[in-house]
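Heads up: the structure comes next, in structure tokens.
The values are calculated or read from the model by the stated rules, or taken from the named source; none is laboratory data. Keep in mind that what you see is a predicted model, and the values were worked out from it rather than measured. No Cβ is skipped: glycine too gets one built from the backbone with ideal geometry, and neighbour counts run over all protein chains shown. Surface areas here come from the heavy atoms of the whole protein model, side chains and all, with no ligands, DNA or RNA. Shrake-Rupley method; radii C 1.70, N 1.55, O 1.52, S 1.80 Å.
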Amino acid sequence: MKIGTLYLIPVPLGPTAPVAVLPATVLATAQSLAFFVAENAKSARAFLKSLPVTRPLAEIAIHELNEHTRPADLPALLQPLLSGNDVGLVSEAGCPGVADPGAALVELAHQHAIRVVPLVGPSSLLLALMASGLCGQQFAFHGYLPVKDEARAQRLRELERESRRQVRTQIFIETPYRNRQLFAAMLAACAETSRLCIAADITLPSEYLATRTLAEWRRLGPPDIERRPAVFLLQA
């Protein structure tokens, strides 16, 4: 029996027309699929409507995979693929599988010898690194840092020492309502000569991206990113 292909379909990073950030081949692939796995079904339907898809949305099956999905539920998400249907995996924003629960489905697909095809689209992490001016030869993504003040400060000092030792850019993210706390923690924990890039709303009209030393950030104060998802890049 023919086995389907799992397509990893990027979506815009915010309210941007898909045609502005996605290649025509990616749009065509997404428009052709009748099965999707998404972090949020409502967001996925809005994305498909914006393409737009040619078939009625009611005829497109969308199954959710998010932080509430139990490991025991994952095999059921493979059934359309094992039955010969192609499936699209989409995230809430950007590229699926990166800082995204969809990685669990990709891992399971490989275990079943299902073809996985990543498609081209915006990644906030890579775009921020490209535009930061920081080291692009050695870099690491660390996800979210600890929430508690002491643990977060200790982790920042560890990452800064590692960056200095290995000439590495350290990348991490934070929820919008904790951006200011993270910014303040970096000013307190890191050396004034270390460089920090802050990026938010990349590819959107409200895009913000700036790289400064910690000493310069201390003089300028925090940028207006309190209610926006942001990427932080640190290099000692």
| query | Debye sum, Cα scatterers, the chain, no solvent: what log₁₀ I/I(0) at q = 0.15 1/Å? | reply | -1.01
| field | Sites matching trypsin sites (Lys or Arg not before Pro) across region 169-236 that sit in DSSP coil, with at most 12 neighbouring C-beta atoms within 10 Å | value | 227
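May I ask you to order 196-202, 93-99 by the average number of other C-beta atoms within 10 Å around their residues, highest value first?
The most tightly packed comes first, giving 196-202, 93-99.
Which order do 232, 47, 139 take by accessible area at a 1.4 Å probe, largest first?
Values: 232 0, 47 20, 139 105 Å².
The ordering from most to least exposed comes out as 139, 47, 232.
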| task | First check a/c for region 129-236, with a ≥ b ≥ c the square roots of the eigenvalues of its C-alpha gyration tensor; if it is under 1.5, answer rounded, and if not, answer prolate when a/b is larger than b/c or oblate otherwise. | result | rounded
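Excluding ligands, DNA and RNA, what is the solvent-accessible area per residue of region 71-163 at a probe of 1.4 Å, expressed in Å²?
Result: 52 Å² of accessible area for each residue.
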| remark: Computed for the chain: size of charge dipole around the Cα centre, +1 on C-beta of each Lys and Arg, -1 on C-beta of each Asp and Glu, debye to nearest 20, value 380
| task | Restricting things to alpha carbons, find the Rg to Rh ratio for region 64-137 using the Kirkwood radius for Rh. | result | 1.05
| message | Considering only protein heavy atoms and a probe of 1.4 Å, how much of the accessible area of the chain is carbon and sulfur, as a whole percent? | response | 54
| remark: For residue 214, the net charge from surrounding residues (Cβ-Cβ under 15 Å; K, R +1; D, E -1) works out to +4
